[in-house]
Structure formats: structure tokens, C-alpha cells
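Peer 1: Got a structure for you, written out below as C-alpha cells; questions coming shortly.
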Amino acid sequence: MSLQARLQARRGPSSLDLELRIAGGETLVLVGPNGSGKSTLVDALAGLLPITSGRVEIAGTLVEGEGVRLPPPERGVALMPQGLALFPHMSAVDNVAYGLRARGHGEAEARAKALEWLARLEIAEVAERSPSRLSGGQAQRVALARAVITEPSLLLLDEPLSALDVSSRRSARRLLHRTLRSLPGAKLVITHDARDLAALGDRVAVLEGGRIVREGSRAECLADPGTGYLLAMLCEQGLYSSGEQEPLS
Amino acid sequence: MLILGLLAVAGLVAPLCGLLLQLDPGAFVHQLGRSEVVSALGLSLAVSTIAVLIALVLGLPLAYLLARVDLPGKGLLRGLVALPMVLPPVVGGLALLVTFGRRGIFGGILGGLGIELPFTTGGAIVAVTFVCAPFLILSLEAGLLAIDPRLEAAAATLGAGRLRVLRTITLPLLRPALASGIALAWARALGEFGATITFAGNLAGETRTMPLAIYTALQVDPPAAIALGILLLALALVALVLLRGRLAVTPLGAGAGEGR
């Protein structure tokens, strides 16, 4: 259930050239300035954007490269896109059940499992609601349930908490942490918030200009950011203070 | 601002009121019973409905190409699709005639296949389709462009193949655009005159649709023309109100109405 990727890709002005490994069960938090290619990477891994060269292996299966290119449904990935992208014409429970229905499960079984996930994420009461009638926090949980219900080998979360206000962010982060820990697949989380990084990441990678400029365990990166971007990000949340100097103060 | 706005409303409504003021209810009912009227009305409904169906079958894939596929010269293609909207219908009819007419470019081929279009009901359908299809196609394209591509991307990563994405995400979200496109195209089809009379002629029971029947009646029996005109006006209104109101709101229900 791991990810191994070495790829070049290009979309508009941003081009990627990087190598990435995420072990099964591991959560990698990817940070980087706007335009560094984070969403491009997510789309390339999901199969929504063809890579120009390299190879991507998910759970031991070559999904792209060497003449192979599996479409998104056959990769064992699930994407929780920026802005959540809940299907506006389906109820919350139908949103969550979508992935199981698409993979051929019967309606009753898919619904039952979807309700189970909604209960696990503590929002069973919104099952029949349309997405337009969900609060930001509820919508975020529905989107999370929809992505994880298929037990993907690679889970891609593109700024999963960015739509939330401060009050719901903390509890949502705790729930997200618990959920991620329970999943056996590889998980990639994109964020701009150092608190997400500190709470969710087993490992951290910093993407700048399409390249990974820093990579390490969470502890390593918290102790020694190594890049100006990560340093500034940590300082903003008071997560970094070196004895030698007061950064950016 | 207000005065000019009111002036615009008056300019649009006054002729319609004028038409209605000429209405003699007794004569109107009498007109409705005449066989020529029944035939013209039936023909109009049949021709316009078939034309819209053809436009839908051919237009939906074209709208999809325009909205979703990177084609070279797409701007030109879109311009060509929109051309019948701005082209005088009589020119459209003329173009059809020199292309599919008996001595037209493809006339021989069609004739060889035993298909004759000019001055037949089939020709009327072709002419009406030519004129009304752009309304449907451009409406569908706009509807497709308005769908957030991330919805389809999310569905694809959740395991849905292209057909399933189309069936469960794209088409349901396209319904409002589909409804308004159908309403516009059908109303336009119902009123089509120039291309039809040029390409298909004015043959009672075969190509004499309502607008042609009005034109014909106006030469000999103006009150009959007025009654027919009011009937067509009512029909077009019903098309707009019913199709737009119903199809656009009901099927998507709460989800789409409130969603965006």
C-alpha cells in the first residue's frame, strides 16, 4: 500500500521534477508556496494529468510510465480535492456511497457502509442532507468519508482543512488525524498550515519550483526547517524557536 | 434609466397587446376548428419536436467536444455553429437548397438514395433543425463549461469510468442548461419561417407550418391570420414557461437549486 514515484510533469507554468516515497500507513505532509506544483503533483498521481516521464507505482503496481498509463479509476487512489467538490445533486450519504457504487457494490451495502462512516465521523444526522445545507465542518467530513470509504492504496488530500473556520478546524484536525492513523494506505496531505503539519505528518516534504527541496521526518523538520519557506510557516504558528537566534522577529 | 427601461418594455409588449386586442373570441374558436389550422398546428408541433430531438442527438456530442476537448480551431468551429443564429433564415434556406436541392451539390447523391428533401416534410425538418440547433448547442456548451471539472475528477478517482461520470455527474448537472436549451430551440423552431419556405416551400399539409399558414392567411383572410398568430404566441409562451420552469427546477430539486 505504498507509493513510489519519480516523475516529471508539466501544467501551464508549473513543471514538476521529483522523487517521492510514502510507505504503507504513512502520512506525508507536503507544503510549499503557491505555484510550487502541489496540486499538479496530486493530479499527476491521481492520473488526471499525464506525466511527461518517469514512473509511478502504487501498492506495488506500476500505474504510469514505461508505456503504461492506468486511468484514475484503476489506480487505487482517492482524491479529496481542494474545495471538497461534493456532488451538489446527491445527498451526503449518496456522496459517501459513490465510490462503492462505482466499484460495483450494491446500493444497500454501499449505503450501509456510508452511514457507518458518517457515524464514525460523528455526522450521522446529516446523511440525507444536500451538500448545500451542510456546514463547512460537516461538508469537510462528508468529503473525507467519501474519499476513505473505498480504502484507497493512496489517499490524496488537497488542503483538507482550508475551508474551515478556526473554531471547527481544531476538532476537524483531531478527527482527521484519528482517521488517517486508522488507514493502511499511503497518505499525502497538502497544507499551508503548520499546525496540520505538526499534527498529521509522519514525514514532511517541502516543494518549491516543482522540486522537493527538503524532506525528513516531522521531528527533523520541526527541529531544522532547512528552507526559508518552512521556517516562516513554522514561526507563524509559534512552532519553531531556535536557541541560537530569534527567527523573523 | 427607469424611463428608458419602461420604454423598452412598452416597445416589446405593445405589439403583442395590439395583436391580442384584435382578437375576436368567437372567430378564434371557429378558426381553431378549421382543418387547415389543425393540420398546420399538428405539422408545426411534429416538425419542431423532431427537429429539436435531432438537434439534441447531434448537438450534445458537439457541445461536449466544444466544452471539453482541446481542438485546434475551436474558435472557428464555435463561430460556425453560431452562424445560423445570425444568418437571415432565408439565406439559410437558400444554402440548404443549393446544397441538398435536386440540382444541389449533394442532391444527386440523396436522389440516388431515394431521399428527396426540398418541398417535403423532411425538408422542413432539415430547415428547422438548421435554424434551431445552435440555440441548443450553445446552451449545452455553456452548461458544460459551468460544471466544476473537479466534480468529474473526484468521481473518476473514486472509481467511476467515463460513462459512469457522464451518467451520474455530468448529465444530471447539465439538466438546467438542457431544459433552457430545449425550450429556446423549440420556441425558435416553432416560429421558423424563412428557411422553411425557401427550402421546403409552402405546401398545405406537408410543409405549411404555423408561421407559413399565417403568412398564407394574411394574403386572403387577415382575421384568420391574427387568430393563428395568437395561437402561435400562446404556444411559444407555454413552451418557454413550462419547459424552463419545470425541467430546470424539478429534477435537480433542492440540490442544484441551492447548491451554487
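The values are calculated or read from the model by the stated rules, or taken from the named source; none is laboratory data. In this text, all values refer to a predicted model and were calculated from it rather than measured experimentally. Neighbour counts are summed over all protein chains in view; Cβ atoms, including those assigned to glycine, are modelled from backbone coordinates with ideal geometry. Just the protein is used for accessible areas: all its heavy atoms, side chains included, with ligands, DNA and RNA removed. Shrake-Rupley method; radii C 1.70, N 1.55, O 1.52, S 1.80 Å.
Peer 1: Got a number for residues in region A:38-86 being within 8 Å of another protein chain (Cβ to nearest Cβ), outside any loop (DSSP other than H, G, I, E, B) and over 23 Å from residue A:208 (Cα atoms)?
Peer 2: 4
Peer 1: Let me ask you something else. Would you point out the residue of region A:128-147, among those that are away from chain B (no Cβ under 12 Å) and open to solvent by 10 Å² or more (accessible area, probe 1.4 Å), that is farthest from the chain's Cα centre (by Cα)?
Peer 2: Top of the filtered list is A:135.
Peer 1: Take the residues in region A:1-20 that are open to solvent by 10 Å² or more (accessible area, probe 1.4 Å) and among the small types (Gly, Ala, Ser); name whichever of them is modelled with the lowest pLDDT.
Peer 2: Among them, the one singled out is A:14.
Peer 1: On to the next question. Restricting attention to region B:59-68, does a residue exist that is free of Cβ contacts under 8 Å to residues at least 24 places away in the same chain, in a helix (DSSP H, G or I) and within 25 Å of residue B:204 (Cβ to Cβ)? Write out each step before concluding.
Peer 2: Residues of region B:59-68 that are free of Cβ contacts under 8 Å to residues at least 24 places away in the same chain, as a first pass: B:61, B:65.
After this cut, where a residue has to be in a helix (DSSP H, G or I) as well, the list is B:61, B:65.
Of the ones still in play, those that are also within 25 Å of residue B:204 (Cβ to Cβ) are none.
No, because not a single residue in region B:59-68 is free of Cβ contacts under 8 Å to residues at least 24 places away in the same chain, in a helix (DSSP H, G or I) and within 25 Å of residue B:204 (Cβ to Cβ).
Peer 1: Determine which single condition residue A:124 fails, assuming it passes every other condition in (1) more than 14 Å from chain B (Cβ to nearest Cβ); (2) within 18 Å of residue A:28 (Cβ to Cβ); (3) among the hydrophobic types (A, V, I, L, M, F, W, C).
Peer 2: For residue A:124, the failing item is (2).
Peer 1: Cβ-Cβ under 6 Å, sequence separation 6+ or interchain: first residue in region B:124-152 and within 14 Å of chain A (Cβ to nearest Cβ), partner at pLDDT below 95 and in a loop (DSSP other than H, G, I, E, B). Which pairs?
Peer 2: Short answer, once both residue conditions are applied: B:150/A:81; B:150/A:85; B:151/A:85.
Peer 1: If you don't mind, there's one more thing I want to ask. Mind counting the residues in region A:99-123 that are touching a residue at least 12 places away in the same chain (Cβ under 8 Å), under 22 Å from residue A:73 (Cα atoms) and surrounded by fewer than 20 Cβ atoms within 10 Å (Cβ to Cβ)?
Peer 2: Looking only at that region, the number is 3.
Peer 1: Do we have any residue at all in region A:93-110 that's among the hydrophobic types (A, V, I, L, M, F, W, C), in a loop (DSSP other than H, G, I, E, B) and over 30 Å from residue A:219 (Cβ atoms)? Spell out the reasoning first.
Peer 2: First, pick out the residues of region A:93-110 that are among the hydrophobic types (A, V, I, L, M, F, W, C): A:93, A:96-97, A:100, A:102, A:108, A:110.
From the residues that got through so far, the ones that are in a loop (DSSP other than H, G, I, E, B) too are none.
Among the residues of region A:93-110, not one is among the hydrophobic types (A, V, I, L, M, F, W, C), in a loop (DSSP other than H, G, I, E, B) and over 30 Å from residue A:219 (Cβ atoms), which makes the answer no.
Peer 1: Touching a residue at least 24 places away in the same chain (Cβ under 8 Å), open to solvent by less than 20 Å² (accessible area, probe 1.4 Å) and more than 10 Å from chain A (Cβ to nearest Cβ), is that true of residue B:178? Before you say what the answer is, go through the steps one by one.
Peer 2: Values: touching a residue at least 24 places away in the same chain (Cβ under 8 Å): yes; open to solvent by less than 20 Å² (accessible area, probe 1.4 Å): no; more than 10 Å from chain A (Cβ to nearest Cβ): yes.
Against the criterion (touching a residue at least 24 places away in the same chain (Cβ under 8 Å), open to solvent by less than 20 Å² (accessible area, probe 1.4 Å) and more than 10 Å from chain A (Cβ to nearest Cβ)), residue B:178 does not qualify.
Peer 1: Of the residues B:212, B:247, B:243, B:237, which is modelled with pLDDT of 85 or more and within 28 Å of residue B:92 (Cβ to Cβ)?
Peer 2: Numbers: B:247 fails: modelled with pLDDT of 85 or more; B:243 fails: modelled with pLDDT of 85 or more; B:237 fails: modelled with pLDDT of 85 or more.
Going through B:212, B:247, B:243, B:237 in turn, the sole match is B:212.
Peer 1: Moving to a separate point now. Could you please let me know if residue A:164 is more than 30 Å from residue A:105 (Cα to Cα), in contact with a helix residue (DSSP H, G or I) (Cβ under 6 Å, 6 or more places away or on another chain) and assigned to a loop (DSSP other than H, G, I, E, B)?
Peer 2: Yes, satisfied.
Peer 1: Restricting to region A:201-232, name every residue that is touching a residue at least 24 places away in the same chain (Cβ under 8 Å) and open to solvent by 10 Å² or more (accessible area, probe 1.4 Å).
Peer 2: A:202, A:203, A:208, A:209, A:211, A:212, A:218, A:222, A:229
Peer 1: Go through region B:216-225 and give me each residue that's touching a residue at least 12 places away in the same chain (Cβ under 8 Å) and open to solvent by 10 Å² or more (accessible area, probe 1.4 Å). Don't jump to the end; show me each part of the working.
Peer 2: Applying the first criterion (touching a residue at least 12 places away in the same chain (Cβ under 8 Å)) to region B:216-225 yields B:216, B:223-224.
Listed by number, the residues that qualify are B:216, B:223.
Peer 1: Could you tell me which numbered condition residue A:96 fails, if it satisfies all but one of (1) surrounded by fewer than 24 Cβ atoms within 10 Å (Cβ to Cβ); (2) closer than 12 Å to residue A:131 by Cβ?
Peer 2: The one condition residue A:96 does not meet is (1).
Peer 1: While we're here: Quick check on my filter: what residues within region B:196-215 are open to solvent by less than 40 Å² (accessible area, probe 1.4 Å), within 30 Å of residue B:21 (Cβ to Cβ) and in a helix (DSSP H, G or I)?
Peer 2: Narrowing region B:196-215 to residues open to solvent by less than 40 Å² (accessible area, probe 1.4 Å): B:196, B:198-201, B:207, B:209-214.
Restricting the remaining residues to those that are within 30 Å of residue B:21 (Cβ to Cβ) gives B:196, B:209-214.
Within region B:196-215, B:196, B:210, B:211, B:212, B:213, B:214 meet the criteria.
Peer 1: Looking at the structure I just gave you, is residue A:59 in contact (Cβ under 8 Å) with a residue 12 or more places away in the chain and open to solvent by less than 30 Å² (accessible area, probe 1.4 Å)? Reasoning before the result, please.
Peer 2: Details: in contact (Cβ under 8 Å) with a residue 12 or more places away in the chain: yes; open to solvent by less than 30 Å² (accessible area, probe 1.4 Å): no.
When the stated conditions are applied, residue A:59 does not pass them.
Peer 1: Consider residue B:163 carefully, then state whether it is out of contact with any Lys or Arg (no Cβ under 7 Å at 6 or more places or on another chain), assigned to a helix (DSSP H, G or I), within 13 Å of chain A (Cβ to nearest Cβ) and surrounded by fewer than 22 Cβ atoms within 10 Å (Cβ to Cβ).
Peer 2: On the way: out of contact with any Lys or Arg (no Cβ under 7 Å at 6 or more places or on another chain): yes; assigned to a helix (DSSP H, G or I): yes; within 13 Å of chain A (Cβ to nearest Cβ): yes; surrounded by fewer than 22 Cβ atoms within 10 Å (Cβ to Cβ): yes.
So residue B:163 passes the test.
Peer 1: All but one of (1) over 30 Å from residue B:145 (Cβ atoms); (2) small (Gly, Ala, Ser); (3) surrounded by fewer than 14 Cβ atoms within 10 Å (Cβ to Cβ) hold for residue B:44; which doesn't?
Peer 2: Unmet for residue B:44, out of (1) over 30 Å from residue B:145 (Cβ atoms); (2) small (Gly, Ala, Ser); (3) surrounded by fewer than 14 Cβ atoms within 10 Å (Cβ to Cβ): (3).
Peer 1: From the list A:156, A:134, exactly one residue is under 18 Å from residue A:197 (Cα atoms) and of a type outside the set (Gly, Ala, Ser). Which is it? Can you show your working first?
Peer 2: Values: A:134 fails: under 18 Å from residue A:197 (Cα atoms).
Result: A:156 is the single residue among A:156, A:134 that is under 18 Å from residue A:197 (Cα atoms) and of a type outside the set (Gly, Ala, Ser).
Peer 1: Still on this structure, I have one more. Might you check whether a residue that is of a type in the set (Gly, Ala, Ser), open to solvent by 50 Å² or more (accessible area, probe 1.4 Å) and assigned to a loop (DSSP other than H, G, I, E, B) occurs anywhere in region B:97-116?
Peer 2: Yes, there is a match, as at least one residue in region B:97-116 is of a type in the set (Gly, Ala, Ser), open to solvent by 50 Å² or more (accessible area, probe 1.4 Å) and assigned to a loop (DSSP other than H, G, I, E, B).
Peer 1: Quick check, is residue A:122 more than 28 Å from residue A:21 (Cα to Cα) and among the charged types (D, E, K, R)? Break it down stepwise before answering.
Peer 2: Values: more than 28 Å from residue A:21 (Cα to Cα): yes; among the charged types (D, E, K, R): yes.
The answer is yes for residue A:122.
Condition check ((1) modelled with pLDDT of 95 or more; (2) farther than 25 Å from residue A:24 by Cα) across all residues:
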{"position": "A:90", "(1), (2)": "yes, yes"}
{"position": "A:96", "(1), (2)": "yes, no"}
{"position": "A:102", "(1), (2)": "no, no"}
{"position": "A:114", "(1), (2)": "yes, no"}
{"position": "A:136", "(1), (2)": "no, yes"}
{"position": "A:167", "(1), (2)": "no, yes"}
{"position": "A:175", "(1), (2)": "no, no"}
{"position": "A:180", "(1), (2)": "no, no"}
{"position": "A:198", "(1), (2)": "no, no"}
